[in-house]
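One structure is given here, and the rest of the page talks about it.
Read-outs: derived from the displayed coordinates by stated rules, not from any lab. Just so it is clear, the model here is predicted, and its values are computed rather than measured. Glycine gets a Cβ as well: all are built from the backbone with ideal geometry, and neighbour counts include every protein chain shown.
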């Protein structure tokens, strides 16, 4: 396989990866009720099922069961939500109250989780992608996500223009020789 083919494969893989990260960021901030949320896992309490640094895709569902991994709690710049497995469910005043536990933790959480505090059920997670998403949310990371692909596209277009100019010059030279 030639170096050019390898470069093209890496190029398209990089562009695809950047598009995926951009889509995850866009989807996670759309203010649609019942929308998917993309959360970054910042602790190891759910390992080995959900690794620290993973991206977890969360969606609200109508009914939560024992064994479901849910994300709950406040979402702010200073407090991150928690993703833990439902360990037990009890009913208080006709409403479900969830007792959760991290898979890597020895005991259930002391705090009970109410339905109103649940962001959603973790549908799946992608290991280590959270590090990339967190980097992309910083100014330097966001700049690189814009600048690197733009530079690659611009360089590629410049190469095409130069190749076309050379081709036209050769055609003009050949046409000039043919007229003599």
Practice problem: Kindly rank 53-66, 8-21, 127-140 from highest to lowest mean number of other beta carbons found within 10 Å of each residue. | Solution: 53-66, 127-140, 8-21
Quiz prompt | Computed lengthening from residue 95 to residue 23, 0.36 nm per intervening residue step minus Cα-Cα distance | solution = 22.3 nm
Exercise. Note the angle between two axes, namely the Cα long axis of helix 3-29 and the longest principal axis of the Cα atoms of the chain, as a number of degrees from 0 to 90, rounded to the nearest 10.
Key: 40
Quiz item: In square nanometres, what is the average projected area of the Cα convex hull of the chain?
Solution: 16.3
Self-check item: Where a label projected 7 Å from the Cα of residue 76 along Cα→Cβ would reach, residues of segment 110-130 with amide N under 12 Å
Solution: none
Practice problem: Rank by packing, highest mean first: peptides 77-88, 158-169, with packing defined as the count of other Cβ atoms within 10 Å averaged across residues. | Solution: 77-88, 158-169
Quiz item: When the chain is modelled as a GNM with alpha-carbon springs shorter than 10 Å, which of 147, 50, 119 fluctuates the most?
Solution: 147
Quiz item: Of the listed peptides 99-105, 111-117, what is their order by residue-averaged count of other C-beta atoms within 10 Å, with the highest listed first?
Solution: 99-105, 111-117
Self-check item: Residue-averaged [θ]222 nm for the chain, counting only DSSP H segments that reach four residues, each worth -39500 (n - 2.57)
Solution: -15000 deg cm²/dmol
